[in-house]
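Note sheet for the following structure.
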Amino acid sequence: MLMRPDLRTQQRDFLLEITRAITAQLDLSEVLRRVLHASLVMLAGRVGIVALNNRTDGKFYVRAYSGVAAGAVPELNVKLQELMDPGDAAGFSREFLNAKLREMADAIDTGLAQSIAMPLVFARSPLGLLIVFRSYQTTITPEDLTTLQSFADQAAIAVNNAQLYGDIQHEHQRLEAIINSSGDGVLILDSDLSIQQTNDSFARMSGWRKEDLIHLPKREVIVWDHLDGPDLEDAMDSGWAGQAAASPAGDTLYVEGDMIRRDGLSLGIGITYAPLLGSDGRLESIIANVRDITTIRKAQEMQSVFISTVHHELRTPIAIIKGYASTLRRDDVDWERELIREKMAIIEDESDRLTGLVEDLLTASKLQSAQALQLNATDVDLSVLAARSAARLDSQTAHRIELSFPENFPAIVGDETRLRQVIDNLLTNAIKYSPDDSTITIGGRFSRQNVTVFVRDEGGGIPKAESGRIFDRFYRIDNSIARRTQGAGLGLYLVKAIVEAHGGEISVKSQVGNGATFHFTIPRD
Ligand code: ADP
C-alpha cells in the first residue's frame, strides 16, 4: 500500500502544504528540487528524477535528480528518449513502459524494485515526467493514484509558472541587451515624460551618466539649443499620443534639432517618438529613438557643396566654349585664320578641362562607393614622368619648373596613367597656388624600400590646421586665392587615393607665406 488509511487525512494536509510551497516558487530549479523532495517523501522512494520537455528539440531530459550518480544521467537521457518516443514498431503499451522503467532502474541501481512514473501535464501539453524508484514493491491503490496525480497536476502548474517566469526574465534580458547594444540612443519615458530606462549610446550623446538619467524629467535632459518644429510636449498637448496609437500605421513623431549636452556642447540629433498604450488604452510609456545626425548633416552639406562645385566648374568651360563657338560662326564677320586657330585652341583646352573634370568626378564617385581603384601595373620611372609633365607645363606657364632627381633614380611597379595624374595634379596646384615667375621644383629620393617624389613651390603655403583637410573630397581652403582660382577640390583627394592604392603615403609640409612641399612615397616592390 502506498499509505495507511489512518494516515490519509494527514497525508492530504501534507500534500496541500507542500503544493503551496511549490507553487509559491518561481525559480525553476527550486521548484524541481521541491517537487522531487515531496515525491520521495510521499512515496518513500529511494531515487527520484524529474525530466522536462525541452522546448527547442521536443525531447525529454533529466533536469533534477536524487539518489542518482551524475555519471548515470546521460544514459538515463537516452532511455528517456526511447521511453517517450517508442517509434512505430513498439508503440505505447504498459509492457513497453514497464520494460523501459526497469531498464532505467537497472541503469541507476540493480537494487531498485519498483518504479512509479507520473506525467506532468499542463493545458494538455506534456511538460515533463516525474519518476520515483523504490527499493521494495507495494500495491498502489486507485485512491493513491488519484492523490499522486493531483500532486503531479499541481507540480505541473508550478513548473509551468516557473517556466513562464523564466521566459519573461529571459525576454527582459534580451530586450535590455537589444537596447544596450543599439548604436542609437534609446529613452523609455513614463507617461509623465520622466526617464524610465535608457542606454549607453544615449548617455554618450547627452554627456550624462546612465544611472543619473533614470527618473529625470526628459525636459531636463533634452535641452534644445535650436529646434525645428514642435517638441514632444507640444505634440502631447494636441493629443498626438492617442491619435498615433489609434492609427494603423502607428504614427511616430520626428523631432530634429541641436541638443545642449551636459558639458555645454551642442549636438545635432533627430528623435523618433512612439507611444505605447496599455490594454486599457491609456498611455503607458513612450519610446524615443535618438540619432546623432552629425554625419547625415555632413553628408547633406557635402552634397550641396558637390552640386554647387560641379555646377560652377562645368558652367565656366561650357560658357567659354559656347562663347567662342558662337563668335566664330557669325556670318557677318570674316575671321582671320590665325584668330580662328587661337580660338579653336581655347575651345579644345576647355573641352579637355571638361573631360578631365568629368573623369575626376567619376573616379571620385567610384572611390566614394568603396570601389577600389583598378591599377594597370607596369615598370614606371617617376623621374621620366616628372620630366615630361614639367616640359609640357613649362611651356604653358610663367613659372620656372626645375627637376631634381638623382641619376640612378629607380623605377617602381605601378599604373603609369594614374601616377602621371598624381604628378600633373601636384604640379598644376603648385602653378595655381604660387605667383608667376616663382620657382617650382619637382625631385626625388630613394631608399632600399621606397621612392619619394616631392613638389615644392614658393606660394602662400597651407595653414597647419588645413593640411589634413585638403585631401578631403571637394575641400578647398576658403581664402582669397581659392576665390580667384578654379578648382573642384578633387585633385588632392584623387592624388591621395592613387598613392594609397600603390601602398604609399602622401603628406604636405608648409609654412604660411613660405610655400608648400608635397611628398609622396611609394614602396619599390
Ligand atoms: P582644387 O585645386 O581643385 O581646389 P585640390 O584638391 O587639388 O583642389 O586642392 C585642395 C585645396 O588645397 C586647394 O583648393 C587649395 O586651397 C589647397 N592647395 C592645394 N595645393 C596647394 C599648394 N601647392 N599651395 C597652397 N594651397 C594648396
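Bear in mind that the values in this text are calculations on the coordinates, not laboratory data. The structure displayed is predicted, hence computed values, not measured ones. Positions of Cβ are backbone-derived with ideal geometry, glycine not excepted, and every protein chain shown enters the neighbour counts.
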- Once both labels are modelled 7 Å past Cα along the beta-carbon direction, what's the residue 372-residue 193 spacing in nm? 5.3 nm
- Query: By how many nm would the segment from residue 336 to residue 395 lengthen if fully extended, with 0.36 nm per residue of separation less the alpha-carbon distance?
  - Reply: 18.8 nm
- Within region 450-470, what residues put their amide N at less than 18 Å from the label point 7 Å along the Cα-to-Cβ vector of residue 408? 450-452
- Query: Listing 138, 198 from the residue with the fewest other Cβ atoms within 10 Å to the one with the most, what is the order?
  - Reply: 138, 198
- Task: Go ahead and estimate [θ] at 222 nm for the chain from helices alone: -39,500 (n - 2.57) per DSSP H run with n ≥ 4, summed, over the residue count, rounded to 500.
- Result: -15000 deg cm²/dmol
- Message: Can you compute the FRET efficiency between residue 483 and residue 305 using 1/(1 + (r/R0)^6), with r the Cβ-Cβ distance and R0 = 22 Å? Round to the nearest 0.05.
- Response: 0.90
- Task: Run the quick spin-label model on residue 56 and residue 69: label points 7 Å from Cα toward the beta carbon, then report their separation in nm to one decimal.
- Result: 2.9 nm
- Message: Multiplying the sequence separation of residue 279 and residue 346 by 0.36 nm and subtracting their Cα-Cα distance, what value in nm do you get?
- Response: 16.4 nm
- Message: Could you order the peptides 394-405, 110-121 from most to least packed, using the average number of other C-beta atoms within 10 Å per residue?
- Response: 110-121, 394-405
- Task: Would you mind getting the Kirkwood hydrodynamic radius of region 5-173 from its Cα pairs, rounded to one decimal in Å?
- Result: 16.6 Å
- Task: Only Cα pairs under 8 Å and at least 6 apart count here; give the relative contact order of the chain as a rounded whole percent.
- Result: 8 percent
- Task: Mind putting a number on the dipole of region 297-368 about its Cα centre? Charges go on the C-beta only, +1 for Lys and Arg and -1 for Asp and Glu, and I need it in Debye to the nearest 20.
- Result: 460 debye
- Message: From Cα pairs below 8 angstrom and at least 6 apart in sequence, can you work out the relative contact order of region 377-523, rounded to a whole percent?
- Response: 24 percent
- Specify the angular offset, from 0 to 90 degrees and rounded to the nearest 10, of the alpha carbon long axis of helix 491-501 from the longest principal axis of the alpha carbons in the chain. 60 degrees
- Task: Rounding to the nearest 20 debye, state how big the charge dipole of the chain is about its Cα centre with +1 on each Lys and Arg Cβ and -1 on each Asp and Glu Cβ.
- Result: 1080 debye
- Message: Once you place label points 7 Å from the Cα toward the Cβ at residue 362 and residue 99, how far apart are they in nm?
- Response: 8.0 nm
- Message: Checking the cross-link filter: which lysines have an alpha carbon closer than 25 Å to that of residue 100, excluding same-chain neighbours under 8 positions apart?
- Response: 59, 79
- Ranking of 335, 240 by count of other Cβ atoms within 10 Å, fewest first: 335, 240
- Task: Under 23 Å Cα to Cα from residue 432, which lysines show up? Leave out anything in the same chain fewer than 8 places away.
- Result: 343, 464, 496, 509
- Query: So what does log10 I(q)/I(0) come out to for region 90-168 at q = 0.12, 0.14, 0.25 Å⁻¹, using the Debye formula with one equal point on every Cα and no solvent?
  - Reply: -0.44, -0.58, -1.19
- Note on the structure: Computed from the beta carbon distance with a Förster radius of 35 Å, FRET efficiency for residue 263 and residue 438 to the nearest 0.05 stands at 0.15
- Message: Give me the extension gain from residue 514 to residue 296: residue separation times 0.36 nm, minus the current Cα-Cα distance, reported in nm with one decimal.
- Response: 74.7 nm
- Could you tell me the convex hull volume per residue, in Å³, taken over the Cα atoms of the chain? 326 Å³
- Query: Tell me, what is the FRET efficiency for residue 500 and residue 524 to the nearest 0.05, using R0 = 25 angstrom and their Cβ-Cβ distance as r?
  - Reply: 0.95
- Query: Among 44, 21, 73, whose Cα lies farthest out toward the positive end of the dipole of region 1-152, if unit charges sit on the beta carbon of Lys, Arg (+1) and Asp, Glu (-1)?
  - Reply: 21
